[in-house]
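Here's the structure, in C-alpha cells; my notes come after.
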Amino acid sequence: MDKILRINMGADGGPSIKTEPLGDYAGAGGRGLTSAIISKEVPPLCHPLGEDNKLVIAPGLLSGSTAAVSGRLSVGCKSPLTGGIKEANAGGQPSQMLGRLGYAAIVLEGSPKEKTLYKIIINKDNIDILEDNSLCMLGNYDLVDKMKAEYGEKISCISIGQAGEMKLAGASIACTDMELRPTRHAGRGGVGAVMGAKGVKVIVIDDDGMKMRQPQDPEAFKAANKEWVAGLKKHPVSGEGLPAYGTNVLTNVINEAGAYPTKNFMWGRFDNCDKISGETQAAVEEERGGKGAATHGCHRGCIIRCSGTYLNKDGHYLTKQPEYETVWAHGGNCGIDDLDAIAMLDRLDDDFGLDTIEMGATIAVAMEAGLAEFGDAEAAIRLVKEVGEGTPLGRVLGSGAAVTGKVFGVERVPVVKGQAMPAYDPRGVQGIGVTYATATMGADHTAGYAVASNIMGVGGSVDPLKPEGQIELSRNLQIATAAVDATGMCLFVAFPVLDQPETFQALIDMINAFYGLSLTADDVTELGKSILKNEREFNLAAGLTSKDDRLPEYFKKEKLPPHDITFMVKDEELDEVFNW
Amino acid sequence: MRKLGLVIQDGLLPIFFKLLQQGFVVNAETGCSVKDLLCNQLGVGEDYLQNRIQTLFLNGMPVDDVTEAVIPNHATLALSGAMPGLVGATLRKGGVLAAMRNTISYSEVQTSHEHRVARVKIKLFNMILKELGPLFLGNGVLIPTEKFQDFLSRHLADLKRACSSVQLDDRHIKAAELESVTWTDPEISLQVKSDRPL
C-alpha cells in the first residue's frame, strides 16, 4: 500500500491515470489520508460538485492485512451537504481488496467534459476506465448484478445509485459486502453526489492473484493480532451484545434514557419501541432465516459480526440487518413501528444510494410539514421512492433535511452545518450535543466515539461528575476517534480499547509491527490532533465559523419530555472544544 | 387476579422474553437500594450486578451507584448490559463518560425512605434479558393481560407443543384450553419454569 492512484476525469481526450508514490502522505491512512489530501489539494472555496473538488477513497492503515476488523474504507471530499471537509466511512470488501492491490488511495479529480458515465476496473495488471452509459440511473443492486455478470463473483464494488447520479446532497457511496451486495455505505455528507459529479458510476475491484499484505515484523504482528482478537472477543460489547443483536441493541436503552428522538425530535421516548428494538429484530431475523441469521460480518476478517440478514415475510432476502441509526431514522423518528416497512426503507436507501440518517430525518421533517402523517409507513416508502425516481419533490427530499425544512417552512430541523443529527437527542445526552455542534463533519455521532481520556491521556483527567467535563471529554473523544478512523478499524473496537488498556496497546503494537515503527499512545493522540487540525483549518478557510458550531436554536428553548430539559451548554463553552 | 403456571421445554423459554422486554411487575419492598432490591430480594447475584449489568435506569435516569440509588414506590427499573456507541458508553454506570449525560443522571435527594411492599416495574434488555429472563419467569411476574393475550394469540401452538404442565389458579388444564380462558383482570400472574431447572 505504497501508491496513490490519481484519475483525472476531466483530462483532454478522456480520463487519464497517474500512479505515484505516497510522498509526503507516507504513514497516513483512512481518514488521516483523505483529510490530508483534501486539506492540502482542494481549494476550500471551490464548489463541491465542481472540477476542483476531489474524491479520495482510502483504505485504513491495516486494511488488506490479517489484522481483525481492519476493513473500513474512508471517503473524503468537500461536502455538498455541509460545505466543509467530509470523511465518511464504510465496511464491506473494497477496503481489504484495495489494500492488497497496494493502493493507499484512489483520488478522483476534475470533471468529465461530456455527460458520460464511466466504470473503472482495477485489478493487479490493469486499470481500465470505460464509458458505459447503459449503467445510467441503475440502482445499486441492479448495477452490482451487472458488474457481477461481466467481471465475476470475486470482485467488490464501490458505486452510486440514482441519487449520486442526480448529485443530491443526501447521496451515499455503496460498498459491497461479503455476499457482493451493495449494503455498506459511506453515507454522510453527500459523498455520492461528488462521485456522481466526477461521472463515475462504479469502481470494480478485483484482487485476484494478490496476497495478504505482509508486516515488517511478522512475529510481533502475529502476537499483537492474537492479543487484539482476544480483547475484542472477551469484551461484552464486541464479543456478546453486538454479535447477538447488532447495533439496534441500542433502541431500548436510548429510549429508556429518554434520549430517543421521536417524531422529528419532539419527544425523547417512543411508546412502541419494543416493536422495533434489536431484541425483536434479532428474533424476527432468526424466525425467518434460521438461527444465526442475526449474526454476520460485513467484511472478511470481521470477528465482531454485528450485521445480519433481513428476510421478508415470504423468506426472501430484503436487505441487510438494518442498523440502529436506520431503524431510528425511519422508525421512531417518523413514528413508524413496523420493522418490515423500515427494512424496505433501508433497502430503498441502499438501492438509490442514500444516507439512511439523512433520509429518515428528512422524511420526519416532511411529516412535520404535513406531507404525510407520522406513523404512515406507506407514505414514507412513497416519499423515498420519489427520490429514486427523481421527481421534483424527490430531488428536494434527496437534498436532505435542511433543504426540505427550508422548502416547506419547518422550524424544527435537526441539523448542524446542514447535516442531520443521528439517533441521540442532545438534550438528553448533552455531551453528544457538544460533539454534534463542534465536529468538523457536521452533526455526527461517530465523531467523538472512541477512547476515553484516561487511556489516551489527552488534556489531563476529567471528573466524570462535573458538567464542565463535557467539553473536555468531547474534545478528547474527537481526537481519539480521528486516530482510530485513520487505522481503518471498525469503530466498535472503541469499547474493548476503552475498557482494556492491553487491547489498546495491542492495536498500537500491530501498527508498529506492520510498519516497523515505535509509536506510543502519545503519538496516536498527536495523529488524531493533526487530523482534526487539518479538517478545522479547511473548514475555516471554506467559510465555516464558530457560529456554525451551534445546535439549532429550538434545542435551547423546547424542553424534551420525559426529562423536560433543554440543551444547556453555553456557546462560549462550545468554542473551547478546539482550544487545545 | 388469575395465576398461570407453566412448565415448558427449555428451548422455548425465549418466546416469553418479549414480554419481559416490555416490562413486568413484581411486588417487592421499596425504600431500599437498587442493589438490595436486586440481590437480596430478587435473587440476582452481586457479582452479576457488578459485572454484567453495566447500565441501569431508575425511572428513566441512568444510575451510577447501585448502593445509593433508592427504589421508590411504583418505580421502573431497567437493566441492560454494556452498550455500544458513544452514547451507549456514556450511559454506563459509573463510567468515565458519565459527565456527558449529567442532566439526566439519577441523583438522590430524599433523606429518609419508607420501607413498604409495593409494585416495581422491571424491564430487561439485551444480554440481561437472556440471562435473567429465566430467573424472573421462574419466580413469577405480573404481566398486563392485554399483552399476554397478544402473546397467546401468536404462540398458542408453541405452548400446545411444548408445555408439559399448565396450572391455572388451582387446577391443571391442557394448554389447548388456554384459548378459551376468560381473562378479565388487567394483569395476570405468570410463572414459567423450564423442564430443565436452573
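The values are calculated or read from the model by the stated rules, or taken from the named source; none is laboratory data. Remember, it's a predicted structure, so these values are computed and weren't measured experimentally. Here the Cβ is made from the backbone with ideal geometry for all residues, glycine too, and neighbour counts use every protein chain on show. Side chains included, ligands, DNA and RNA excluded: accessible areas come from the protein's heavy atoms. Shrake-Rupley method; radii C 1.70, N 1.55, O 1.52, S 1.80 Å.
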The percentage of Cα-Cα pairs in segment A:74-175 separated by more than 24 Å is 24
Kindly report the accessible area of segment B:14-119 per residue (heavy atoms of protein chains, probe 1.4 Å, no ligands, DNA or RNA), in Å².
-> 36
Could you give the distance between the Cα centres of segment A:500-550 and segment A:80-95, to the whole Å?
-> 17
Quick one: grab the alpha carbon gyration tensor of segment A:186-290, order the square roots of its eigenvalues as a ≥ b ≥ c, and give me rounded if a/c is under 1.5, else prolate or oblate depending on whether a/b is larger than b/c.
-> oblate
Using only the alpha-carbon atoms of chain A, report the extent along each of the three principal axes, biggest first, to the nearest angstrom.
-> 59, 54, 52
Given q = 0.11, 0.19 Å⁻¹, what are the Debye log10 I(q)/I(0) values for segment B:79-176, with equal point scatterers placed on the Cα positions and solvent ignored?
-> -0.60, -1.14
Roughly to the nearest percent, how much of the accessible area of chain A is carbon and sulfur, given a 1.4 Å probe?
-> 48
When all protein chains stay in place, what accessible area (Å², nearest 10, 1.4 Å probe) is found for A:Arg382?
-> 110
The ratio Rg/Rh over the Cα atoms of segment B:23-77, Rh being the Kirkwood inverse mean 1/r radius, stands at 0.91
Would you mind telling me the antiparallel percentage of the DSSP bridges in the protein assembly as shown, rounded to 5?
-> 75
When N is the residue count of segment A:394-434, what does its C-alpha Rg come to as a fraction of 2.2 N^0.38 Å?
-> 1.28
Using only alpha carbon pairs under 8 Å that are at least six residues apart, calculate the relative contact order of chain B and give it in whole percent.
-> 37
Which value, to two decimals, describes the C-alpha radius of gyration of segment A:4-113 once divided by 2.2 N^0.38 Å?
-> 1.05
q = 0.27 Å⁻¹, segment A:500-580: log10 I(q)/I(0) [Debye, one scatterer per Cα] | -1.25
Report, in cubic angstrom per residue, the convex hull volume of the C-alpha atoms of segment A:153-199.
-> 61
Looking at the square roots a ≥ b ≥ c of the eigenvalues of the Cα gyration tensor of chain B, which shape do they give, rounded for a/c under 1.5, prolate if a/b is larger than b/c, or oblate?
-> prolate
Using a 1.4 angstrom probe and counting only protein chains, how large is the accessible area of A:Met344 in Å², to 10?
-> 70
Using the 2.2 N^0.38 Å rule of thumb for compact globular proteins, work out how segment A:541-580 stacks up: its C-alpha Rg over that value, please.
-> 1.43
Taking the Cα centre of each part, how many Å lie between segment A:563-580 and segment B:49-77?
-> 28
At q = 0.09, 0.10, 0.13 Å⁻¹, the log10 of I(q)/I(0) for segment A:233-353 from a Debye sum over equal Cα scatterers comes to -0.23, -0.28, -0.48
For segment A:370-413, size of Cβ-based charge dipole, Lys and Arg +1, Asp and Glu -1, in debye = 200
Ignoring ligands, DNA and RNA, what accessible area per residue does segment A:144-262 give at 1.4 Å, in Å²?
-> 30
Rounded to the nearest 10 Å², the accessible area of B:Ile143 using a 1.4 Å probe with every protein chain kept is 0
With a 1.4 Å probe and ligands and nucleic acids left out, the total accessible area lost when A pairs with B, in Å² to the nearest 100, equals 3500
Report the one residue of A:Met137, A:Ala149, A:Ser74 whose Cα lies farthest in the direction of the positive end of the charge dipole of segment A:73-156 (charges on C-beta: Lys and Arg +1, Asp and Glu -1; origin at the Cα centre).
-> A:Ser74
Of B:Trp183, A:Trp580, which has the most accessible area with a 1.4 Å probe, and how do the rest follow in descending order?
-> A:Trp580, B:Trp183
